[in-house]
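The values are calculated or read from the model by the stated rules, or taken from the named source; none is laboratory data. Values in this document were obtained by computation on a predicted structure and should not be read as measured data. We place every Cβ from the backbone using ideal geometry, glycine too, and count neighbours over all the protein chains shown.
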Amino acid sequence: MRSVVRVSERVEETPSTVTLRFPYGPPAEPGQFVMLWIPGDDELPMSLSFTDGASKGVTVKSMGDTSRRIQAIRPGDAVAIRGPYGRPFPTSPGRTLVVAGGSGSAVLAPAVERVRARGGSVVVALGATQRPELLFRERFERCGATVRVATDDGSEGFHGYVTEVAATILEEGSIDAVWTCGPERMMDKVVRSAAARRVPCFGSVERHMKCALGMCDACAFGPFHVCTDGPVFDGGRLASVPEFGRFHRDPSGRRASF
């Protein structure tokens, strides 16, 4: 059942991403998502970028007409929320490597904060196309995570892909778990790197969703449904799905390459 709430805060995080905060009481775990609906428009799955307390939040990247209309919402505007849904990240304390590409930081930030609050240590390999698009860098640093940056154009940190930074950190050793979210080709490389070093890995997968209840089959992912079996999967399950990192389905259900 949907709850109608009014947006309490709007923050422009990067040139392409906006965070909306709103009062929403149901408890949520890092990695879970909600379905967000603007009356008269489409309903979209949104990973929670803020999960603790009575104020939740989503961070929206400009991808299409509906996401741009969501970004245009102002404080005081009403939206409808249902959820949270899905399987979260396992946030046991330890030494965790987080590999975030682009807007994937929105999914991972609450998990990093949770682990740091429990006494774990975190290294974040943070990637973006260019410096202005680095999402939540200061937020990661504020909670005590070590951040190593990569940009495609070399405008900040390592000049190249964040997967190369992640591989270097893994080579340095003493990592207990890897979490990743971002472009799926990037995630596929991270899963393979972790598996080669026998480090447990968990990744958050994005697919089109309609019901969020495992009934409509819109988010089919091999033998799984992203809405109920994910969105966070362990590396073994991700590696077992042939389409991972190679294909997805468009809104009509047709298979398309990344």
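Among R139, R87, R131, R114, which is under 18 Å from V11 (Cβ atoms) and modelled with pLDDT of 95 or more?
R139
Just to be sure before I move on: is H208 within 16 Å of the chain's Cα centre (by Cα) and either polar (S, T, N, Q) or over 13 Å from Y85 (Cα atoms) (or both) in the structure I sent?
Yes, satisfied.
Please note which strands (runs of 3 or more DSSP E) are completely contained in the range 24-69 and include at least 1 residues that are of a type in the set (S, T, Y).
43-50, 55-61
From the list R2, R6, R21, which one is within 20 Å of the chain's Cα centre (by Cα) and either basic (K, R) or on the phi > 0 side of the Ramachandran plot (or both)?
R21
How about the range 35-51: which of its residues are farther than 15 Å from V5 by Cβ and surrounded by 15 or more Cβ atoms within 10 Å (Cβ to Cβ)?
Across the range 35-51, the qualifying residues are D42, L44, P45, S47, S49, T51.
Taking the range 52-64 on its own, how many of its residues are at pLDDT below 95 and crowded, with 21+ Cβ neighbours inside 10 Å?
Here the count works out to 1.
Can you pull out every residue in the range 157-196 that is surrounded by fewer than 17 Cβ atoms within 10 Å (Cβ to Cβ) and among the polar types (S, T, N, Q)?
The answer is T168, S174.
Surrounded by fewer than 22 Cβ atoms within 10 Å (Cβ to Cβ), more than 27 Å from Q130 (Cα to Cα), of a type in the set (D, E) and touching a strand residue (DSSP E or B) at 6+ places or on another chain (Cβ under 9 Å) - does that describe any residue in the range 1-18?
no
When you look at G31, is it touching a residue at least 60 places away in the same chain (Cβ under 8 Å), within 25 Å of V147 (Cβ to Cβ), in the same structural domain as K189 (by TED's automatic domain parsing) and within 16 Å of the chain's Cα centre (by Cα), yes or no?
no
Restricting attention to the range 61-77, does a residue exist that is touching a helix residue (DSSP H, G or I) at 6+ places or on another chain (Cβ under 9 Å) and under 23 Å from L213 (Cα atoms)?
Taking every residue of the range 61-77 in turn, none turns out to be touching a helix residue (DSSP H, G or I) at 6+ places or on another chain (Cβ under 9 Å) and under 23 Å from L213 (Cα atoms).
Could you list, in sequence order, all residues of the range 109-142 that are acidic (D, E) and either free of Cβ contacts under 8 Å to residues at least 12 places away in the same chain or assigned by TED's automatic domain parsing to the domain that holds G57 (or both)?
If the condition is that a residue be acidic (D, E) and either free of Cβ contacts under 8 Å to residues at least 12 places away in the same chain or assigned by TED's automatic domain parsing to the domain that holds G57 (or both), then E138, E141 are the ones that fit.
For R74, indicate whether it is within 14 Å of V7 (Cβ to Cβ) and part of a loop (DSSP other than H, G, I, E, B).
Taking the combined requirement at face value, the residue satisfies it.
Looking at the structure I just gave you, is G154 without any contact (Cβ under 8 Å) to a residue 12 or more places away in the chain, of a type in the set (G, A, S) and exposed (fewer than 15 other Cβ atoms within 10 Å of the Cβ)?
Here the answer is yes, as G154 does meet what is asked.
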